[in-house]
1. Would you confirm, using the coordinates I've provided, whether ALA29 is over 26 Å from the mean Cα position of the chain (by Cα) and among the aliphatic types (A, V, I, L, M)?
2. Which condition number does SER14 fail, the rest of (1) in contact with a helix residue (DSSP H, G or I) (Cβ under 6 Å, 6 or more places away or on another chain); (2) without any contact (Cβ under 8 Å) to a residue 60 or more places away in the chain being met?
3. State yes or no: is GLY152 in contact (Cβ under 8 Å) with a residue 60 or more places away in the chain and either farther than 22 Å from VAL179 by Cβ or surrounded by fewer than 21 Cβ atoms within 10 Å (Cβ to Cβ) (or both)?
4. Need a quick list: strands (runs of 3 or more DSSP E) entirely within the range 9-122 having at least 3 residues that are under 23 Å from PHE166 (Cα atoms), of a type in the set (A, V, I, L, M) and in contact with a strand residue (DSSP E or B) (Cβ under 9 Å, 6 or more places away or on another chain).
Amino acid sequence: MIRLDGKVAVVTGSGQGIGFATARALAQAGAAVVVNDVSEERAAAAVEAIAAAGGRALAEVVPVGGSEAADRCVERAVSGFGRLDIMCANAGILRDKVLWNMTDEDFDAVIETHLRGTFTCARAAVRQFRRQGQGGRLILLSSLAGQRGNFGQTNYAAAKAGIAAFARTWALECARLDVTVNAVLPVALTRMMASIPGMEPYVDAVERGEALPAAVRMGIGIWAWARRKTSRRCSFFLRPKRRGGSPGNASAWAATGFRYGRTRRKSAAPIARADGRRKRSPQPGNRRSDGNWKPMASRRWRPPDTR
């Protein structure tokens, strides 16, 4: 197990759900944790649970979004534990509606908490990391919805896609400060999902410690599997499935899930050449202007090395 003795972390939105699980795991690894939540009751309960397990934790009750809230979380860590080493931007809300029913308030609330809250907390943390001069860690929470969309989640998907872009950009900017930046895409049945139509009974059942019906567990499993398979199809780093592919075919596969154009036929046994090398059997379309056959390329196309 990784030990984080002497480290100090801030976890936003850690009164319950994924945030609380993260804060508890950090405390178990030896880190001191600042628990942030909008509910004083939930924040106090989380701090008590961490302390009961032998960890160290303080609470900072403030809604994440603006610069003042981010500065308060960082200041709480510095004043309470003397430093800051880890910022986990976890806080989030849902306001799910289809495009034609979503209001300005629904959109702005999710963007404010997820996107702006991640920005302000990361900025405040990196400023503190620079003052300390010892590097640090930014852990951002994105989502599969931000990678391929999800029905009824215009605001949430846009925010989570932006957070993934944050991670790529900040990793470049903060490298010279010895600050690492990572984005994770967790999937969990938490209280935040209770606002999705039809999900509240199942969230309540999980919180009561009851097992979900087998049909529901199977449905969630199939949904997660399908999302994973589909998101893999959307990757821009897939290679053609068949030999003899080209960069164009690879791009078509990455964008649409299938290759365009005809597939080359498998050649017969290779023919020996005069110089001892071997070439593939002649195929239609490979005849030179002088009537002779030209050898087919036998190497499979690979993406250029970008390291």
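1. Here the answer is no, as ALA29 does not meet what is asked.
2. Unmet condition: (2).
3. no
4. Filter on the range 9-122 gives 86-89.
Each value in this text was obtained by applying a stated rule to the coordinates, not by laboratory testing. Bear in mind the structure is a predicted one, so any value in this text is a computation, not a measurement. A quick note on method: Cβ atoms are made from the backbone with ideal geometry, for glycine too, and the neighbour counts reach across all protein chains shown.
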